[in-house]
Amino acid sequence: MGRPIGRKSITVLTAQKSLDPYSQEPVDDWTLPPAETTVTGCEVEPGTTQEYLLNRDQVLVAWTVFAPAGTQVSTYNRVRFNGNVYTVYGHPAEWDSPSGRLNYVEIVLQDWRG
């Protein structure tokens, strides 16, 4: 794993697999306890929030995580930060600088509330 960027930690959650009863294909099963991987040396910054008030009060809570290079996370994972569990929005992006001094993985987290 790359050099630390910040002082915060996140926990990457990976679902266990179970067989879909209809297709018999393996699928993510979030009803089972997920595998947990703690990632230290992260910088976590608040993202934009949005309110949706049409027919239902909803708020989108978002965070942007800058994790050390080599952090293993995908769109199919969930991330726990400060006791809350968020989905990974989009594909995490690996950023490399020309000098190699600032390499990191950018992960956008989101959670709908309401």
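Tabulated data
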{"quantity": "Pick from the stretch 63-77, criterion among the polar types (S, T, N, Q) and under 19 Å from Trp30 (Cβ atoms), ranking: surrounded by the most Cβ atoms within 10 Å (Cβ to Cβ)", "calculated": "Asn77"}
{"quantity": "Pairs with Cβ under 6 Å, 6+ apart, first in the stretch 29-56 and modelled with pLDDT of 75 or more and surrounded by 13 or more Cβ atoms within 10 Å (Cβ to Cβ), second of a type in the set (Gly, Ala, Ser) and part of a strand (DSSP E or B)", "calculated": "Asp29/Ser18; Val39/Ala67; Thr40/Ser9; Cys42/Ala67; Gly47/Ala62"}
{"quantity": "Conditions (1) farther than 12 Å from Tyr89 by Cβ; (2) in contact with a Cys (Cβ under 8 Å, 6 or more places away or on another chain); number of the one not met by Thr40", "calculated": "(2)"}
{"quantity": "Residue that is farthest from Ile107 (Cα to Cα) [pool: residues in the stretch 1-16 that are in contact with a Pro (Cβ under 7 Å, 6 or more places away or on another chain) and at pLDDT 95 or above]", "calculated": "Gln16"}
{"quantity": "Qualifying residues in the stretch 78-114 (those that are closer than 29 Å to Asn55 by Cα and among the aromatic types (Phe, Trp, Tyr)) - the one surrounded by the most Cβ atoms within 10 Å (Cβ to Cβ)", "calculated": "Tyr86"}
{"quantity": "Qualifying strands (runs of 3 or more DSSP E) (wholly inside the stretch 17-114; at least 2 residues being within 12 Å of the chain's Cα centre (by Cα) and under 27 Å from Ile5 (Cβ atoms))", "calculated": "35-46, 58-68, 78-81, 84-88, 104-113"}
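The values are calculated or read from the model by the stated rules, or taken from the named source; none is laboratory data. Quick caveat: nothing in here was measured; it's all calculated off a predicted structure. Quick reminder, even Gly has a Cβ in these numbers, built from the backbone with ideal geometry, and neighbours come from all protein chains shown.
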